[in-house]
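Here the structure comes first, spelled out in structure tokens, and everything after it is commentary.
The values are calculated or read from the model by the stated rules, or taken from the named source; none is laboratory data. Because the structure is predicted, anything quoted here is derived from the model rather than measured. Cβ sites come from the backbone with ideal geometry, for glycine too, and all protein chains shown count toward neighbours. For the accessible areas, the whole protein counts, side chains as well, though only heavy atoms, and no ligand, DNA or RNA atoms are used. Shrake-Rupley method; radii C 1.70, N 1.55, O 1.52, S 1.80 Å.
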Amino acid sequence: MDCIDLIKGSSRIFGIIGHPVSHSFSPVLQNSIESLCQKNSVYVAFPVEEGQVKTAIKGGFALGIQGFNVTVPFKVEVMDCLCEIDPFAKQIGAVNTLKRMSQGFKGYNTDILGMEKSLTIQGISLKGKRVAVLGAGGAAHAAVILAASRGAKKLQIVNRTIKKAENLLEHVKNYYNINGESISYTEFLKGEKPDILIQTTSCGMGKTAETPLEAPSFFNGIEAVLDIIYTPWETRFLADAKKAGCIAINGFDMLLFQGIASYEIWNDVLLSKEQCLILRNNLTEYYQGISR
Ligand code: NAP
């Protein structure tokens, strides 16, 4: 079907705001979901200059935009522009999805839902597990709240800048009574191994062979490793984990399922397993093609 058949005067408009956004996969993802579900909506990218978020959100509301995804660098700043914030998003301290309400936009965090789904579709649960999170930035916030809220037995936060790991541990302890520690990479490599390792740093992103863990033998005996990076398809970190026999998951399913969760929130629908599978197959093939 052509755009000319799909976009009408009554079409509801959704979009992503960020800086930059021209590289974003979300328009392809959201318009693919729309082609499957046919809810009369269209999704575009809105580049927003730094310092202009409030104006953009206000303008978006005035223009009748029904919802936004929010990406770097606005996931925290945008929280000051909302009429309501979902409690889980408040715990994480960042939102990536805005839904239009009568008085403004309500904020949600679907990164955490995508991250959880990328693990559960591989049969991995965090309950009762020793979980280690590499990194202490925005994505790490979602990872630690996920681990704590899903009953991890132990939580390690490993970061280059140790103060940020300490602050994040303190933050999660405001909400959950969890056995946790914030440590350096050197200490981490010397200690007991986790069951599940979640890599949330940007190290290895793009066309680099960098890895935050320069110790391939450390992966031996770890059950599962999630590297939330999705470009390249397989980072060196993930290749090392795979060689050691770990279940090795890249960031694509997280990206896919955070988008599906946003669509579900906006449209008050739940996609079926079959619909999710169709999208996963089609978009994996598409994404692998363009990221090669
Ligand atoms: P962020 O807030 O900027 O945090 C970056 C983190 O990476 C910090 O903890 C930083 O450590 C660490 N880091 C950077 N370079 C490093 C290096 N060379 N060695 C060790 N640690 C290093 O970024 P973010 O928003 O959390 O995003 C992180 C990554 O996740 C990005 O690659 C992003 O594309 C990806 N992501 C994927 C999804 C998905 O759907 N799959 C969703 C969100 C984000 P310091 O504190 O020491 O600087």
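Results, tabulated for the structure shown:
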| read-out | value |
| --- | --- |
| For the range 216-292: relative contact order, % (alpha-carbon pairs under 8 angstrom, 6 or more apart) | 29 percent |
| Amide hydrogen neighbours beyond the local backbone of VAL44, cut-off 5 Å, H modeled | PHE14, GLY15, ILE16 |
| Exposure rank, largest accessible area first [ILE162, ILE57; 1.4 Å] | ILE162, ILE57 |
| Mean shadow area of the chain over all directions, Cα convex hull, nm² | 15.3 nm² |
| Rounded to whole Å, sorted largest first: equivalent-ellipsoid semi-axes of the range 28-151, Cα gyration tensor | 28, 19, 13 |
| Counted charge near SER125, where neighbours are those whose Cβ lies closer than 11 Å (Asp, Glu -1; Lys, Arg +1) | 0 |
| Hz values of 3J(HN,Hα) by residue in the range 36-51 - Karplus curve (6.51, -1.76, 1.60), Gly and Pro given as x | 7, 9, 6, 9, 6, 10, 9, 10, 9, 9, 10, x, 10, 5, 4, x |
| Cα centroid separation - the range 1-53 against the range 226-287, whole Å | 20 Å |
| Reachable lysines, given that their alpha-carbon falls under 28 Å from the alpha-carbon of LYS190 and they are not under 8 places away in the same chain | LYS127, LYS129, LYS153, LYS154, LYS163, LYS164, LYS173, LYS242, LYS243 |
| Probe 1.4 Å, protein heavy atoms only - accessible area per residue of the chain in square angstrom | 47 Å² |
| Folded to 0 to 90 degrees: helix 162-173 orientation relative to the chain principal axis, Cα | 70 degrees |
| Chain lengthening between LYS243 and GLU285 when straightened (0.36 nm per residue, less Cα-Cα) | 12.8 nm |
| Ratio Rg/Rh, restricted to the range 198-292 and using Cα atoms, in which Rh is the Kirkwood radius | 1.04 |
| The range 134-146 - phi-based ³J(HN,Hα) in whole Hz, Karplus 6.51/-1.76/1.60, Gly and Pro as x | 8, x, 9, x, x, 5, 5, 4, 5, 5, 6, 5, 4 |
| Accessible-area composition of the chain, carbon plus sulfur, in percent [1.4 Å probe] | 52 percent |
| The range 137-275: translational diffusion in µm²/s, Stokes-Einstein, Kirkwood Rh over Cα pairs, 4 °C, 1.567 mPa s | 80 µm²/s |
| Residue-by-residue Karplus 3J(HN,Hα) for the range 90-101, coefficients 6.51, -1.76, 1.60, Hz, glycine and proline x | 4, 4, 6, x, 7, 10, 10, 9, 10, 10, 5, 10 |
| Prolate/oblate/rounded label for the range 235-274 (Cα gyration tensor, a/c 1.5) | prolate |
| Once the Cα gyration tensor of the range 59-129 is diagonalised, semi-axes √(5λ) in Å | 28, 12, 10 |
| Near-label residues of the range 270-288 by backbone N, under 15 Å of a point 7 Å along Cα→Cβ of GLU234 | 288 |
| Loop-located trypsin sites (Lys or Arg not before Pro) in the range 159-260, at most 15 other Cβ atoms within 10 Å (DSSP) | ARG160, LYS207 |
| Qualifying GluC sites (Glu not before Pro) for the range 147-213 [loop in DSSP, other Cβ within 10 Å: at most 11] | GLU192 |
| Paramagnetic reach from LYS54 (point 7 Å along Cα→Cβ, amide N under 11 Å) across the range 70-98 | 80-81 |
| Size of charge dipole - the chain - debye, nearest 20, with Cβ of Lys, Arg +1 and Asp, Glu -1, no other charges | 380 debye |
| Options TYR108, CYS203, TYR286, ranked by Cα towards positive dipole end of the chain, top entry (Cβ charges) | TYR108 |
| Sum of -39500 (n - 2.57) over DSSP H runs of 4+, divided by residues of the chain (222 nm, nearest 500) | -11500 deg cm²/dmol |
| GluC sites (Glu not before Pro) restricted to the range 41-126 and DSSP loop, no more than 15 other C-beta within 10 Å | GLU49, GLU50 |
